[in-house]
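Written below as structure tokens is the structure these notes are about.
The values are calculated or read from the model by the stated rules, or taken from the named source; none is laboratory data. Owing to the predicted nature of the structure, the values given are computational and were not obtained by experimental measurement. Note: ideal-geometry Cβ built from the backbone for every residue, glycine included; neighbour counts use all protein chains shown.
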Amino acid sequence: MATRDPDATAYLDEWHELHAGATTRFVAPLVDSEGHTSYQVLADSMSKAEAPILDLACGDGYLLELLANGPHIGVDRSAAELRLARRRLGDTTPLVRSDATGLPVATGSLGGACCHFALMLLQPLEVVLEELARVLRPSAPFAAVIPASPNEGQNVWTVFRGVWQEVVGTHPVAIPALQDDRAFDREQLAELLSGSGLVDLAFRSFSVSRQMTVDETVQFLLLLYGPDLLSPDGRDDLVCRLKVGLAELANEDGTVAVFENAQLVTARRG
């Protein structure tokens with residue numbers, strides 16, 4: 001069983017204290033071909049779930065606001081994220097500061113659970129999935145949206161990866177093990193889910209995108225995990241190189257296609 005890296009936990013806690021709400025600000029404007037955000041795709045997958053639904057790693061509460069038939073329950077480690085969620089949702093939605101490995105929720109009490117762009121960060125993943133299975137009622141649904149690999153060819157992500165390798169070659173940085181890569185592999189994730197008692201697994205791939213200016217795209221990429229660990233000189237180097245690389249991708253109107261490939265994972269408690 002994988003174990004939690006304390007350095008990764010400390011880093012994620014600090015990042016979210018400093019950048020609370022950042023995920024929503026940059027991911028929510030990205031939409032699919034039908035105009036749906038990744039949050040809406042996840043909310044729609046829970047439309048038949050009975051209340052209450054748990055939003056695990058709920059952040060600033062954006063997804064909770066979209067879920068029908070509330071109030072539901074939000075859980076997150078970050079006090080800063082939960083303060084924003086309280087401001088967004090008011091006093092009617094229960095919000096709990098807790099680690100995902102020990103949910104303060106009664107066994108078999110929830111009608112559903114969901115997680116947006118965070119499942120791979122929750123470690124040890126086996127323990128987290130077992131906790132989710134514990135708190136769900138029999139047959140209650142679970143759904144998660146997880147980032148997927150970007151398209152091949154020159155795009156915003158290949159530019160970022162190439163620039164990042166150049167920058168860290170000159171400005172070395174140590175990034176802790178933030179995620180469990182098994183969450184990105186369908187076979188391994190399916191094994192983990194079924195092993196925890198979550199059955200009837202299904203996967204659906206989709207993509208969301210938005211046209212952004214080069215400067216907006218740079219700001220988007222700077223709020224990934226990692227760039228904030230660079231030295232000031234390293235960050236300046238990253239920004240300069242990104243602007244050059246992204247400018248080569250820009251359309252005639254100066255915008256860049258920023259996209260996020262994702263997969264919707266659904267299951268239910270056996």
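A few comments on the model shown:
- The residue that is surrounded by the fewest Cβ atoms within 10 Å (Cβ to Cβ), counting only those in the range 69-93 that are part of a loop (DSSP other than H, G, I, E, B) and touching a residue at least 24 places away in the same chain (Cβ under 8 Å), is 77.
- Just one of the listed residues (184, 142, 160, 203) is surrounded by fewer than 17 Cβ atoms within 10 Å (Cβ to Cβ), under 27 Å from residue 16 (Cα atoms) and either among the small types (Gly, Ala, Ser) or modelled with pLDDT of 95 or more (or both), namely 184.
- Given (1) touching a strand residue (DSSP E or B) at 6+ places or on another chain (Cβ under 9 Å); (2) of a type outside the set (Phe, Trp, Tyr); (3) without any contact (Cβ under 8 Å) to a residue 60 or more places away in the chain, index of the condition residue 143 fails: (3)
- Filter result for the condition that a residue is among the β-branched types (Val, Ile, Thr), more than 30 Å from residue 36 (Cβ to Cβ) and modelled with pLDDT of 95 or more, over 239, 218, 214, 208: 239
- Here residue 157 clears all of (1) outside any helix (DSSP H, G or I); (2) touching a Pro at 6+ places or on another chain (Cβ under 7 Å); (3) not aliphatic (A, V, I, L, M) except the condition numbered (1).
- Looking across the range 20-42, the residues that are under 14 Å from the mean Cα position of the chain (by Cα) and touching a residue at least 60 places away in the same chain (Cβ under 8 Å) come down to 20, 21, 22, 23, 26, 27, 30, 37, 38, 39, 41, 42.
- Verdict on residue 13 being surrounded by 20 or more Cβ atoms within 10 Å (Cβ to Cβ) and acidic (Asp, Glu): no
- Search result, residues across the range 94-131 that are more than 13 Å from residue 9 (Cα to Cα), among the β-branched types (Val, Ile, Thr) and touching a residue at least 24 places away in the same chain (Cβ under 8 Å): 105, 107, 127, 128
- Selection count, the range 94-122, where residues are crowded, with 19+ Cβ neighbours inside 10 Å and either at pLDDT below 95 or in contact with a helix residue (DSSP H, G or I) (Cβ under 7 Å, 6 or more places away or on another chain) (or both): 13
- Condition met for residue 162 (of a type in the set (Gly, Ala, Ser) and in contact with a Gly (Cβ under 8 Å, 6 or more places away or on another chain)): yes
- Pick from the range 115-131, criterion in a helix (DSSP H, G or I) and in contact with an Asp or Glu (Cβ under 6 Å, 6 or more places away or on another chain), ranking: farthest from residue 194 (Cα to Cα): 120
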